[in-house]
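*Asks:* Sharing a structure here in structure tokens format.
The values are calculated or read from the model by the stated rules, or taken from the named source; none is laboratory data. Just so it is clear, the structure is predicted and the values come from calculations on it, not from any experiment. Cβ coordinates were reconstructed from backbone atoms using ideal geometry, including for glycine residues, and neighbour counts include every protein chain displayed. To get the accessible areas, we keep the full protein, side chains included, count just its heavy atoms, and leave off ligands, DNA and RNA. Shrake-Rupley method; radii C 1.70, N 1.55, O 1.52, S 1.80 Å.
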Amino acid sequence: MGRVQTVCGDIDVADMGYTMPHEHLLTHPQGHGSKVEEDHLLNSYSKAVEMLQEYKKDGGGTLVEATPKTWGRDTKGMYYASKASGVNVVACTGYICQEHGMPDDLGDWDIERIVDEMVEDITVGMDGTNIKAGWIKCGTAYLHITKGEEKVIRAACRAAKKTGVSVHAHTTIGTMGLEILKIVQEEDFDTSRFAVAHVDRDPDLWYHRKMLETGCSLIYDGPGKAKYYPDSMRVDLLRQLVDDGYADKLMLCNDMGRRSHHKVYGFGPGLNYIKDVFLPRLIDEGFSEEVVHGFMYENPQHFYEMRDPE
């Protein structure tokens, strides 16, 4: 079996267990966007541990943490929370998007500077530690891609080739997925190692099919957030895509980036919504146990497995 690089070291992918592929434990928003507010400030270490303990109690094995440095990545906090809870945590390097913490002049940086930064986080350690990132994050604005965002996408592909990790992209309201994938293909990066997140915010079946035709994976991370469409919409999309033969390219999580998403902060639905509510609904709606298991086990294991550097 292959390996995945967690904040506590390498593990066999088979030991990942039940996996949420895009979540947030500890954040400190930066930049000038609408998310620089208290609701997006997840700065309690004790609550992060409590989140993971509840997740583990409900069968959670691995949580993929999607907070890059410019969004307040807490490298040591993730390490100690993982140790305290027994949940594997896979951290990221990279950036979200121009609005959310990306340096204003990043578009003018030499691309190799960005590549080197990512490679160091993966091979040496993040933020002056020996705690390593296990994947690369990139992302885009709403209905456009800035010069800096394009440079980060290209740098992510190049750094992933050098290190063997996978890449997945933030999208703003689910947009620009095809445009992101066009850049990825221009970089001659293996699209089976690239995923596009938040796409259920733009519930266009044709659009999702076209992305999957490139060989990438999709992350649906909106279940339980009724303001972003009812879960019935996600169920219908998933059913169509499974029928199309893409069951092994789909992953599920909640992207809990706000205090108001977490039970430990006094709100909800909490990290266990997928396991306790959404997956049983999929079974009740006619999805097979095998397909649902794949969403949460085999698919993320295959996706986050490190490959040989090119």
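*Asks:* Give me the helices (runs of 4 or more DSSP H) completely within the stretch 159-267, filtered to those with at least 2 residues that are closer than 28 Å to L26 by Cβ, ordered by residue number.
*Replies:* Counting at least 2 such residues, we get 177-186, 231-243.
*Asks:* Is it true that S288 is open to solvent by 30 Å² or more (accessible area, probe 1.4 Å) and either within 18 Å of G17 (Cα to Cα) or without any contact (Cβ under 8 Å) to a residue 12 or more places away in the chain (or both)?
*Replies:* Yes; evaluated as a whole, the condition is true for this residue.
*Asks:* Let me ask something else about it. Among the residues of the stretch 240-265, which ones are polar (S, T, N, Q) and within 17 Å of the chain's Cα centre (by Cα)? Even if it seems obvious, please write down each step before you answer.
*Replies:* Step one: filter the stretch 240-265 for residues polar (S, T, N, Q), giving 240, 254, 260.
Across the stretch 240-265, the qualifying residue is only N254.
Residues are listed down the side, and each one gets a yes or a no for (1) among the basic types (K, R); (2) in contact with a Ser or Thr (Cβ under 9 Å, 6 or more places away or on another chain); (3) surrounded by fewer than 24 Cβ atoms within 10 Å (Cβ to Cβ); (4) under 20 Å from E310 (Cβ atoms):
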| position | (1), (2), (3), (4) |
| --- | --- |
| W109 | no, no, yes, no |
| E112 | no, no, yes, yes |
| I131 | no, yes, yes, no |
| G164 | no, no, yes, yes |
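*Asks:* Tell me yes or no: at least one residue of the stretch 82-93 is in a helix (DSSP H, G or I), over 24 Å from K151 (Cβ atoms) and either in contact (Cβ under 8 Å) with a residue 60 or more places away in the chain or open to solvent by less than 10 Å² (accessible area, probe 1.4 Å) (or both).
*Replies:* Yes - at least one qualifying residue is present in the stretch 82-93.
*Asks:* State which residue pairs qualify: first residue modelled with pLDDT of 95 or more and among the β-branched types (V, I, T) and inside the stretch 125-147, second residue open to solvent by 10 Å² or more (accessible area, probe 1.4 Å) and assigned to a loop (DSSP other than H, G, I, E, B) in any location, beta carbons under 7 Å apart, and separation of 6 or more residues or different chains.
*Replies:* T140/M176; I145/M176; T146/Q98
*Asks:* Continuing with this model, one more query. Among the residues in the stretch 246-260, are any without any contact (Cβ under 8 Å) to a residue 40 or more places away in the chain, open to solvent by 30 Å² or more (accessible area, probe 1.4 Å), more than 19 Å from G139 (Cα to Cα) and not aromatic (F, W, Y)?
*Replies:* No: zero hits.
*Asks:* Which one of the conditions (1) open to solvent by 60 Å² or more (accessible area, probe 1.4 Å); (2) out of contact with any Pro (no Cβ under 9 Å at 6 or more places or on another chain); (3) of a type outside the set (K, R) does V277 fail to meet, given that it meets all the rest?
*Replies:* The number of the failed condition is (2).
*Asks:* Is there any pair with a first residue in the stretch 38-59 that is in contact (Cβ under 8 Å) with a residue 12 or more places away in the chain and a second that is open to solvent by less than 80 Å² (accessible area, probe 1.4 Å) and among the hydroxyl-bearing types (S, T, Y) whose Cβ atoms are under 6 Å apart and which are 6 or more apart or on different chains, and what are they?
*Replies:* D39/S260; L42/T27; V49/S85; L52/S85; Q53/S85; K56/S85; G59/Y18
*Asks:* Do you know which residues across the stretch 291-310 are more than 18 Å from I219 (Cβ to Cβ) and either open to solvent by 30 Å² or more (accessible area, probe 1.4 Å) or of a type outside the set (A, V, I, L, M) (or both)?
*Replies:* Narrowing the stretch 291-310 to residues more than 18 Å from I219 (Cβ to Cβ): 306-310.
Result: R307, D308, P309, E310.
*Asks:* Now a separate question. Which residue is nearest to P68 (Cα to Cα), if the candidates are limited to the stretch 1-17 and must be in a strand (DSSP E or B) and open to solvent by less than 10 Å² (accessible area, probe 1.4 Å)?
*Replies:* Here the answer is T6.
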